[in-house]
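Structure first, commentary second.
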Amino acid sequence: MTTKIIIIDDHQLFREGVKRILDFEPSFEVLAEGDDGSEAMRLVEENNPDVIIMDINMPTTNGIEATRQLVEKYPESKVIILSIHDDENYVTHALKTGACGYLLKEMDADALVEAVKVVVDGGSYLHPKVTHNLVAEYRRLAAEEGQDQGHRPTYDIRRPLHLLTRRECEVLQLLADGQSNRGIGETLFISEKTVKNHVSNILQKMNVNDRTQAVVLAIKNGWVEVK
C-alpha cells in the first residue's frame, strides 16, 4: 500500500534532499511540494496525502500555524515537523498544535523513513535527541514538585527484567539517552537491523506505539536513568 506524502519547506535544496530519501522507499510516493505553510492547505485539498512533512520556520506562514490550520479543518492530518530547534518548548508547542512527529534537520535517512512509517500506523515520532530533552525536563519538573512537597525525590532504577530481556533493557536505556538506532548499534556492537528488532520487541512487550511512549513509560516506572 502506497503512502502518499507532500513536503513543505522553503529551502529548495533541503526539500529536494528529503524527496530523494523518500523516493528510495518503494512504498512512498511524494505527490507535491511547497515552499510555504500558506500552500499547505491547498496541496492537502488537491492531493489528499497520508503524511505532510512540514518545516517549522517559513517566511509567510510557519509550520506551527499551518499545522494548526490543517488539523482544525482535517483532524486526521498526520504532520511531521522539521526543525533545527531541539528546545522542549518548540516540541511541546508543535505537539499541542496537532503534529504527530518532530524531527531535527540533522536527522539521518533512516529516521525520516521510520518517522513516516510510525505516524502512518497511528503513532508519534520524536527525534531521539528531542526525546532525551523532553524526558530530562520531565525528570526536572518531577524533582521540583517533590521539593515543593517537602521531600527529596529518590530514583531507584529497577530494570524491568520481568518484562524485557537484559539486552532489551540496555536498548531501552539508550533510547532514554537519546541515541538513534545507529548510535545504539555502535554502542552495543550490534547491527542496526538487530537494534530495530529489539526496539520492535520492546514496544510490543510494553504495549506502546512508539519509542517516545516507551521512554516516558520507562521513566515513570523507574526503569531507566535520565542523565
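Within the stretch 213-224, which residues are under 18 Å from the mean Cα position of the chain (by Cα), open to solvent by 20 Å² or more (accessible area, probe 1.4 Å) and either within 16 Å of Glu170 (Cβ to Cβ) or touching a residue at least 60 places away in the same chain (Cβ under 8 Å) (or both)?
Of everything in the stretch 213-224, those that are under 18 Å from the mean Cα position of the chain (by Cα), open to solvent by 20 Å² or more (accessible area, probe 1.4 Å) and either within 16 Å of Glu170 (Cβ to Cβ) or touching a residue at least 60 places away in the same chain (Cβ under 8 Å) (or both) turn out to be Gln213, Val216.
For the stretch 17-52, give me the residue count where each residue is among the polar types (S, T, N, Q) and over 12 Å from Lys4 (Cα atoms).
1
Among the numbered criteria (1) buried (at least 19 other Cβ atoms within 10 Å of the Cβ); (2) modelled with pLDDT of 80 or more; (3) of a type in the set (Ser, Thr, Tyr), which one does Ser191 miss?
The number of the failed condition is (1).
Which pairs turn up if I take residues in the stretch 91-105 that are of a type in the set (Phe, Trp, Tyr) and look for partners that are buried (at least 19 other Cβ atoms within 10 Å of the Cβ) with beta carbon separation below 7 Å, at least 6 apart in sequence or on another chain?
Close Cβ pairs satisfying both conditions: Tyr102/Ile81; Tyr102/Ser83; Tyr102/Val91; Tyr102/Ala94; Tyr102/Leu126; Tyr102/His127; Tyr102/Val130.
Matching residues to (1) within 20 Å of Val113 (Cα to Cα); (2) at pLDDT 90 or above; (3) touching an Asp or Glu at 6+ places or on another chain (Cβ under 7 Å); (4) aliphatic (A, V, I, L, M):
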site: Arg167; (1), (2), (3), (4): no, yes, no, no
site: Glu170; (1), (2), (3), (4): no, yes, no, no
site: Leu175; (1), (2), (3), (4): yes, no, no, yes
site: Arg182; (1), (2), (3), (4): yes, no, yes, no
site: Thr187; (1), (2), (3), (4): no, yes, no, no
site: His198; (1), (2), (3), (4): yes, yes, yes, no
site: Met206; (1), (2), (3), (4): no, yes, no, yes
site: Asp210; (1), (2), (3), (4): yes, no, no, no
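Give the stretch 203-212 a look and list any residue that's touching a residue at least 60 places away in the same chain (Cβ under 8 Å) and not in a helix (DSSP H, G or I), or say none.
Those that are touching a residue at least 60 places away in the same chain (Cβ under 8 Å) and not in a helix (DSSP H, G or I): Asn209, Asp210.
Scan the stretch 2-40 for residues that are among the charged types (D, E, K, R) and surrounded by 14 or more Cβ atoms within 10 Å (Cβ to Cβ) and jot them down.
Selection gives Lys4, Asp9, Asp10, Arg15, Lys19, Glu25, Glu29, Glu33, Asp35, Asp36, Glu39.
The values are calculated or read from the model by the stated rules, or taken from the named source; none is laboratory data. Note that the structure is predicted; figures quoted are calculated from it, not measured. Note that each Cβ is placed from the backbone with ideal geometry, even for glycine, and that neighbours are counted across all protein chains shown. Protein only, heavy atoms only, side chains kept; ligands, DNA and RNA dropped before computing areas. Shrake-Rupley method; radii C 1.70, N 1.55, O 1.52, S 1.80 Å.
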